[in-house]
Amino acid sequence: MQQKIPATVITGFLGAGKTTIIRNLLQNAGGKRIALIINEFGDLGVDGDVLKDCGAENCSADDIIELTNGCICCTVADDFIPTMTQLLARSPRPDHIVIETSGLALPQPLVAAFNWPDIRTQVTVDGVITVVDSVAVAAGRFADDHDAVNAARAEDASLDHDNPIEELFEDQLTCADLIVLNKTDLLDAAGIAAVRAEVLSRTERKPAMIEARNGEVSATVLLGLGIGTEDDVGNRLSHHEIEHADGTPHDHDEFDSFILDLGPIAEPVTFIERLKAVIGRHDVLRLKGFVDVPGKPMRLQLQAVDSRVDHYFDRAWAPGEVRATRLVVIGLHDMDHAAVRGAIEALV
């Protein structure tokens, strides 16, 4: 009987550092042939482009499959199952499959899909790894003031106050076999302890938890957990599954995104500093993409989480490649596209 291929699901909210962790994993995989499925919310595939250039010997561009037409948890039948079928038909088959979910995805439906007959006999979920942005947790990004919410409900019993960010954060923790507290280098010991306590309070399950700096986690820690998570998915129900036991499909109406095409940006440092104010003013959750800096042979990659913005030149523009500035902007469903677009365009 052919041995099942282990698959690792890496989840976590927008900007937690999933791609950085996977990049480090691929570069230190110890000779394993790794196939990678990347799912992004929005039509601009940034993470896949980053990982294709990571230089890992055993993960070529052909081993990386991008899904950018919706969160994988909502497109299991249309996207995930055909993709897995395609991977399993390869010769040689991969030694390990790594799946990076969108930052807005529920891992539960994805894990459940491994119980499909054609998949279950060939693949097992080695483990679900949830990456946490420790700085965002410390800043209260995932927490409501529950006393204030309850007081408001006392005044108006019809008030409906669901925090989609908070619920999604808890759902991703609930499904975890391993929680990685990332970016701990940006906090002091007291801050890390507070984050650890906050994360533990958000899930009744108590999976293993480790700390990471700059997404540096050993491949031996991430791979080989041997959990078989697909057999335990019933104990990891999401808020949606609990509230809609009738099987009502999950969607992502709470979140929205759009692509922004800009011209060359001659003063990227000034642009980025001003961009921080726009992000904060309009409560943009995530912004990422690539920037064309005139006179520079390399492409500038830009990654923003809330008002924290990282940027660096990642690679040279390829011969014949159209130089362009393209950014994907992600926010809540009531994000004013025109206002955000206009504010960013005014910076150029």
>> Just to be sure I understand, how many residues within region 258-285 are over 12 Å from Ala304 (Cβ atoms) and either touching a Phe, Trp or Tyr at 6+ places or on another chain (Cβ under 6 Å) or basic (Lys, Arg) (or both)?
In response: 3
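Could you tell me which of the residues Val293, Val322, Val305 is modelled with pLDDT of 90 or more and open to solvent by less than 60 Å² (accessible area, probe 1.4 Å)?
Every option except Val293 fails the conditions.
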>> List the residue pairs whose Cβ atoms are under 6 Å apart, where the first residue sits in region 264-281 and is closer than 19 Å to His337 by Cα, the second is open to solvent by less than 70 Å² (accessible area, probe 1.4 Å) and not hydrophobic (A, V, I, L, M, F, W, C), and the two are 6 or more positions apart or on different chains.
In response: Lys276/Ser307; Ile279/Ser307; Gly280/Ser307
>> Out of the residues in region 107-126 meeting the condition of being at pLDDT below 90 and in contact with a strand residue (DSSP E or B) (Cβ under 7 Å, 6 or more places away or on another chain), tell me which one is nearest to Leu222 (Cα to Cα).
In response: Pro107
> Residues of region 325-348 being closer than 16 Å to Phe271 by Cα, open to solvent by 40 Å² or more (accessible area, probe 1.4 Å) and without any contact (Cβ under 8 Å) to a residue 12 or more places away in the chain, which ones?
Replying inline: Ala346
>> For region 313-324, check the following and say yes or no: at least one residue is in contact (Cβ under 8 Å) with a residue 24 or more places away in the chain and closer than 21 Å to Ala16 by Cα.
In response: yes
> Across region 199-220, what is the number of residues that are in a helix (DSSP H, G or I) and open to solvent by 60 Å² or more (accessible area, probe 1.4 Å)?
Replying inline: 3
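Report those helices (runs of 4 or more DSSP H) wholly inside region 100-143 carrying at least 1 residues which are of a type in the set (Val, Ile, Thr), open to solvent by 10 Å² or more (accessible area, probe 1.4 Å) and closer than 23 Å to Ile165 by Cα.
Correct list: 134-138.
The values are calculated or read from the model by the stated rules, or taken from the named source; none is laboratory data. The structure presented is a predicted model; accordingly, all values stated were derived computationally and were not measured. Don't worry about glycine lacking a Cβ; one is built from the backbone with ideal geometry, like all the others, and counts go over all protein chains shown. Note: areas computed on protein heavy atoms with side chains; ligands, DNA, RNA excluded. Shrake-Rupley method; radii C 1.70, N 1.55, O 1.52, S 1.80 Å.
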